[in-house]
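Every read-out reported here was derived from the displayed coordinates using simple, explicitly stated rules and does not represent laboratory data. In this text, all values refer to a predicted model and were calculated from it rather than measured experimentally.
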Amino acid sequence: MRSKPIKCGDQTYKSVREFAAAIGTRSKRIRSKLSKGWSPEQIKDHYETGQNKIGGSPKPVVINGRRFASIEAAKAAYGVSGFWLQRIRAKHQVSSEEAIQIIANKGECGGPQETINSEAQTDRRPRVG
């Protein structure tokens, strides 16, 4: 199956894949929107304005009295990986903000620092000789 050229404004793309790459998304998403009646201009505007992002612009958060521009900024400040954050959220059934607070306060889970310290303690062996 050959892909049809896509005309968006004054530019013509050879294929859906080329158009998708130009606006930074997958061709599957472009095909889906085209099949729902979206014009190429509407699709391009949707991705360029960030309307495809859930929730739009980042929401400021406050953790332990410190204000952060976003969850991502708070994760970076506390050295929390996305994996660790999701693990704590699932274990405690809490929001991202609450999970970072648990990690920051070294609650039940202890956070990354406690894991590092406990590994260091378990690696100590009595010296022989």
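The stretch between LYS91 and LYS106, if pulled fully straight at 0.36 nm per residue, gains 3.9 nm over its current Cα-Cα span.
Between ASP45 and ALA69, 0.36 nm times their residue separation minus their Cα-Cα distance comes to what? Intermediate results must be reported in sequence, preceding the final value.
Numbers: separation 24, 0.36 × 24 = 8.64 nm, distance 2.54 nm.
Gain in length upon complete extension: 6.1 nm.
Within the same chain, lysines fewer than 8 places from LYS33 are excluded, and of the rest, those with a Cα less than 22 Å from its Cα are LYS4, LYS7, LYS14, LYS44, LYS53.
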